[in-house]
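Written below as structure tokens is the structure these notes are about.
Just so it is clear, none of the values below were taken in a lab; they were calculated from the coordinates. Model, not experiment: these values are computed from the prediction. So basically every Cβ, Gly included, is an ideal-geometry build from the backbone, and we count neighbours across all protein chains shown.
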Amino acid sequence: MKVRVDNIPKDGLRFSFSGQEDVLSQIMEKFPAVSGVKIDPLIHGDIQLLQTTDGIVLNGSIRTTLNLQCSRCLATFDIDKDLDLNFLVRQVDFDGTTDKDAWDSQDSEIVVGSEIDLGEIIVQELLLEVPMKPLCREDCPGLCPRCGALRGSDDCDCPLEVSVDPRWEQLTNLVKK
Ligand SMILES: [Zn+2]
Ligand SMILES: [Zn+2]
């Protein structure tokens, strides 16, 4: 889903996604696989490209589903994600450099060459939303270190060990950093 910057009319461009067409899968192939993360290529929402006195503004919101793997029990689970996009598009002449270099570190600004790749922007932003340690639920007990089954499930008969209160575990993780 690429838009040539030159082709954006004075009164802007609007894209509506109704969850019918595959917008993202081609783009996702370009990104190095992030383990345990899948993005639904069908998205809902709107994105507008507006001409303003500051330049082109990319504005919109989309909704999609992320499929993540729980960092404790390794089960996969879905979360619905609402993503707001609000960027100033800065056009730079890259003379032939690759897309990767087109990414600026500033949060509010996207640097592009002659084209704006909406799919790439969406995937990039969605990947930023993926938690470092996804959890299927806050109190996921994780896998039993002895038998490998879900702790406390019918498959695990191991005696309970002294476990850290999950509220403290977060603190412990902070200290480890
Ligand atoms: Zn889990
Ligand atoms: Zn067990």
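Quick notes on this structure:
- With Cα atoms defining each centre, the range 1-44 and the range 53-94 are spaced 10 Å apart in the structure.
- Inter-probe distance in nm under a simple model that places probes 7 Å from Cα toward Cβ, at residue 51 and residue 78: 4.1 nm
- Binning the alpha carbon pair distances of the range 1-86 at 5 angstrom intervals from zero yields the distribution 3, 12, 19, 20, 17, 13, 8, 4, 3, 1, 0, expressed in whole percent.
- In range of the label at residue 35: residues from the range 64-83 whose backbone nitrogen is under 14 Å from the point 7 Å along Cα→Cβ: 69-75
- Extension gain, residue 69-residue 139: 0.36 nm per intervening residue step, less the Cα-Cα distance, totals 23.7 nm.
- Among 147-155, 115-123, the peptide with the highest mean count of other Cβ atoms within 10 Å heads the list, and the full ranking is 115-123, 147-155.
- In this simple spin-label approximation, residue 149 and residue 124 carry label points 7 Å from Cα along the Cα→Cβ vector, and these lie 4.7 nm apart.
- Multiplying the residue separation of residue 10 and residue 88 by 0.36 nm and removing their Cα-Cα distance gives an extension gain of 26.5 nm.
- Trypsin sites (Lys or Arg not before Pro) within the range 11-49: DSSP coil, no more than 13 neighbouring Cβ in 10 Å: 30
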